[in-house]
Structure formats: structure tokens, C-alpha cells
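The values are calculated or read from the model by the stated rules, or taken from the named source; none is laboratory data. Computed from a predicted model, the values in this text were never measured in an experiment. Note that each Cβ is placed from the backbone with ideal geometry, even for glycine, and that neighbours are counted across all protein chains shown. The protein model used for the area step is the full one, side chains on, heavy atoms only, and it has no ligands, DNA or RNA in it. Shrake-Rupley method; radii C 1.70, N 1.55, O 1.52, S 1.80 Å.
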Amino acid sequence: MSEAIHGSGGEAMIRLDRLTKSYPGRPEPAVHELTLDVPAGRIVAFVGPSGCGKTTTMKLINRLIEPTAGRIHLGGTDVTEVRADRLRRKIGYTIQQTGLFPHRTVASNIATVPRMLGWDAGSIAERVDELLNLVGLDPQHYRGRYPKQLSGGQQQRVGVARSLGADPAVMLMDEPFGAIDPLNREALQNELLRIQAQLRKTIVFVTHDIDEAIKMGDRIAIFRDGGRIAQYDVPERILGEPADDFVREFLGSGTAVKRLSLTRLADLDIPRWPTVDDSAEDAERVAVATRTDEEFLLLLDSERRPLGWQPRNRPDDRDAAVPLISPLGPRHTLFEALDQMLSVNSSASVVVDEQGRSRGVLRSTPSGS
Ligand code: ADP
Ligand code: MG
């Protein structure tokens, strides 16, 4: 994320240059002179109201439909005239309805593009198992099943695996999790982010849900009617400096809270807190207690992992210690930190590093109040 903010991360993988699509008999083009760069190895979220031209743009990039005017460049090459079927093998395409072939097994579905490319059976079987593992489905269990024997979330995983079939550099995902219930949707979002951290594909991710765009996008393009861009920027700036009233309205209320979900604890300085080793003698416990105004001391084990809280006014009473609620790790966001404090009715949370050692304590109130 921070690389995107500072603008490094290389050249455009997808470049749209005044791309236009008009349908006969319609006064306004569905997409009008859309110009936009998608940087290599990043996720760009296209978000906007229904009918604003998101799907049309995806179909244009994938050449499921032909542009009326404008150019499309992929990896620095103008591909506007390249034969569409050749192009499509280099692009993974995932849609909401999955488009899985119902009468083919999971393995056969995932093998679609490698088979078109003429891979041998051994390589295909190997690739299918690799992809099933990648999307979190046990190959032994799933490769021989049929789509209708799977849940919606599992079908969507197979859809993602299939679009990754021949290891395309570019992935187009059109509302891929739009039909999934909220819980499974969150799991799939996290799964995709985990896969992306590994594979670094160039991904265009379409959604109509601004929260999903904020979560998934390294950058967000907010569309308005006719495929026009209202704002294209990193999520921090979209939330912090919306370009106009249209963007403001689209973001809705709660932008301050949404911004909290962009900050990971790993990127923050965590204030220190008075600590005492659980095995310390009474005298040392008392000494720490007299040096602080905090109501509680943080108890640590010999590896500096947090164990619990010791009341300052009873520093040497082992029975008075209060056990710790699960500490927050480096990958938690400020939003999750606040959520934890509110849900357990506590004003402070211990933050630990990758090894579980205490970094300090985050509090929901300014220190001293
Ligand atoms: P989105 O995906 O953002 O909801 P679409 O790209 O599907 O929007 O549609 C953009 C506009 O183009 C809409 O007004 C839609 O009705 C129109 N449109 C899409 N496909 C066709 C088509 N085949 N013929 C005529 N108009 C179309
Ligand atoms: Mg659409």
C-alpha cells in the first residue's frame, strides 16, 4: 500500500487511452473517452453506481466487445488490434456468476485455458492441484466434484482458480464476490489479498461496494455515468480529500471510521506502558508501581510476552492480577483495535509484534485523561 502512495511500483500494465464504447440506438456512449493507467502488480478497484460502465470497460479490456474508439495497451504494447482469442488467454476473467461449466468437474473447469494452450496432461493435472491448494480447496477432495456439489463460496474459489489457470499477468474480476453472503465474502476477500501478496498480479477489481473497494484496492477509480472517472487515487486520499460532491455522496457517512481500517498497527508507533516481569520480586513490583500514574502495570513473561494486568495499588498481590484479553498483532488495523476496545468495554489494548512480544499499549482515550 505505502509503495502505491509514494508512486513507485513501476509502469502501467494496463493503459486505457480515450477508450469509448457506443451502442447503436443509444444517445450516450456507455463508456466515453476513458483514460486510465493500472500499475503493474497492483489491485485497482473500479467502483460506481449501477450502469456507469464498469462491466463495459472490463469487456473492452478483455475484448469481449470491440471499442468504438480509443486504444488499449497491455504491458506497453498496443493490443487494440490483436486477435481477441489470443489476448484472452493472457487475461484471467472472473465474474459473479462464476460461469463454471456445470457438466465438467472442478479439475476440468480449472484446466480450461491450459487445455486450450495445448499443455500435456501431466502438467495440467499438476497445475490444477497447485491452484486448488492456492485457493484453499483440498485437491483430493474437490478435483472430481461438479460445480453444483459446491457451495457458492467454493464455486467462486474454483472460478478464481480457473482464471489463474495459465498464470496470466492480468486479472479482471467483475463483482466476483457480489453474490456471496457477508461472512464468506470476507473470507474470500482475505484469501484474494493473501494470494495477491504472493503472486503480485495486475488486478482490476470491480465492485459497487465502496467498503470492498477500500479493502481491496491499492487504488480506487470512482466511476460516474458514461465510464467517466470522478476520482482515481489511493484509498487514503479518496477518503481524506474527495474530489467533489459526487464522490462525497458516494462515500457516504463514516469516512473517518473507514480511514481507520487503512492503518495497520505494524505502521504505528505504539506508546510504551509501565511493565513488570511476572517473576519479579515484590520490591521491584512496588518500585515500578510508585513510578507510574497508570492504574495497571502490564505483566510480561521472560520473553516479554504479555500475561495480564497488575493493579498499581496492589503490585505485590499475585491474586489481584487480571488476565489479558487477546493482544493485537501487527496486521490488525486501527479499526479492529477500536472495535475490540468497544466490544470488551476496555479503553486500552496491548499490541504485540510478530513474535508475540509486547510493543506497548494502544488506548482509545488520550493518555492522562
Ligand atoms: P455497470 O457494470 O457499471 O453496472 P455496464 O457497463 O453494464 O454498467 O452498462 C453501462 C451502460 O451501457 C448501461 O447504461 C447499460 O444499459 C448499457 N449497455 C450495456 N450493455 C449494452 C448493450 N449490449 N447494448 C446496449 N446498451 C448496453
Ligand atoms: Mg456490471
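Structural remarks
- Scanning segment 29-41 for residues that are open to solvent by 20 Å² or more (accessible area, probe 1.4 Å) and either within 30 Å of Gln198 (Cα to Cα) or away from ligand 2 (no atom under 12 Å from the Cβ) (or both) yields Pro29, His32, Glu33, Thr35, Asp37, Ala40.
- Where helices (runs of 4 or more DSSP H) fall wholly inside segment 171-249, the ranges with 3 or more residues that are within 13 Å of the chain's Cα centre (by Cα), crowded, with 19+ Cβ neighbours inside 10 Å and within 16 Å of ligand 1 (Cβ to nearest atom) are 210-216.
- Selection of first residues in segment 201-215 that are touching a residue at least 60 places away in the same chain (Cβ under 8 Å) and of second residues that are of a type in the set (Asp, Glu) and within 16 Å of ligand 1 (Cβ to nearest atom), restricted to Cβ pairs under 8 Å at least 6 apart or on distinct chains, gives the following pairs, ordered by first then second residue: Val206/Asp174; Val206/Glu175; Thr207/Glu175; His208/Glu175.
- Arg312 vs. criteria open to solvent by 80 Å² or more (accessible area, probe 1.4 Å) and outside the structural domain of Lys215 (by TED's automatic domain parsing): no
- Taking (1) surrounded by fewer than 16 Cβ atoms within 10 Å (Cβ to Cβ); (2) more than 16 Å from ligand 1 (Cβ to nearest atom); (3) over 25 Å from the mean Cα position of the chain (by Cα); (4) in contact (Cβ under 8 Å) with a residue 40 or more places away in the chain in turn, Ala69 satisfies each apart from (2).
- Complete set of residues in segment 29-57 that are more than 23 Å from Lys215 (Cα to Cα), more than 8 Å from ligand 1 (Cβ to nearest atom) and not in a strand (DSSP E or B): Pro29
- Screening segment 323-332 for residues that are in contact with a strand residue (DSSP E or B) (Cβ under 6 Å, 6 or more places away or on another chain) and either of a type in the set (A, V, I, L, M) or assigned to a strand (DSSP E or B) (or both) and picking the one that is most open to solvent (accessible area, probe 1.4 Å) gives Pro323.
- Given (1) in contact (Cβ under 8 Å) with a residue 60 or more places away in the chain; (2) closer than 19 Å to Gly217 by Cβ; (3) away from ligand 1 (no atom under 12 Å from the Cβ), number of the condition Leu16 does not satisfy: (1)
- Residue in segment 345-353 that is free of Cβ contacts under 8 Å to residues at least 12 places away in the same chain and closer than 30 Å to Met216 by Cα present: yes
- The residues of segment 250-270 that are outside any helix (DSSP H, G or I), within 30 Å of Gln310 (Cα to Cα) and open to solvent by 70 Å² or more (accessible area, probe 1.4 Å), listed by number, are Arg264, Asp269.
- Test result for Pro306, within 15 Å of Ser358 (Cβ to Cβ), surrounded by 16 or more Cβ atoms within 10 Å (Cβ to Cβ) and at pLDDT below 95: no
Here is a yes/no grid of residues against (1) charged (D, E, K, R); (2) at pLDDT 95 or above:
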| site | (1), (2) |
| --- | --- |
| Thr55 | no, yes |
| Gly76 | no, no |
| Leu87 | no, no |
| His103 | no, yes |
| Gly118 | no, no |
| Val128 | no, yes |
| Gln140 | no, yes |
| Gln154 | no, no |
| Arg157 | yes, no |
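- Residue pairs whose Cβ atoms lie under 7 Å apart, sitting 6 or more positions apart in sequence or on different chains, and linking a residue in segment 42-54 that is farther than 11 Å from Met216 by Cα and of a type outside the set (D, E, K, R) to a partner that is open to solvent by 10 Å² or more (accessible area, probe 1.4 Å) and near ligand 1 (Cβ under 7 Å from one of its atoms), are Gly48/Lys54; Gly53/Ala30.
- Here Ser108, Ser123, Ser163 are screened, and the one residue that is buried (at least 16 other Cβ atoms within 10 Å of the Cβ), closer than 30 Å to Gly76 by Cβ and polar (S, T, N, Q) is Ser163.
- Hits in segment 144-160 (condition: surrounded by fewer than 23 Cβ atoms within 10 Å (Cβ to Cβ) and either part of a loop (DSSP other than H, G, I, E, B) or touching a residue at least 12 places away in the same chain (Cβ under 8 Å) (or both)): Gly144, Arg145, Tyr146, Pro147, Lys148, Leu150, Ser151, Gly152, Gly153, Gln154, Gln155
- Residue check for Arg26: assigned by TED's automatic domain parsing to the domain that holds Thr202, over 29 Å from the mean Cα position of the chain (by Cα), more than 16 Å from ligand 1 (Cβ to nearest atom) and surrounded by fewer than 21 Cβ atoms within 10 Å (Cβ to Cβ): no
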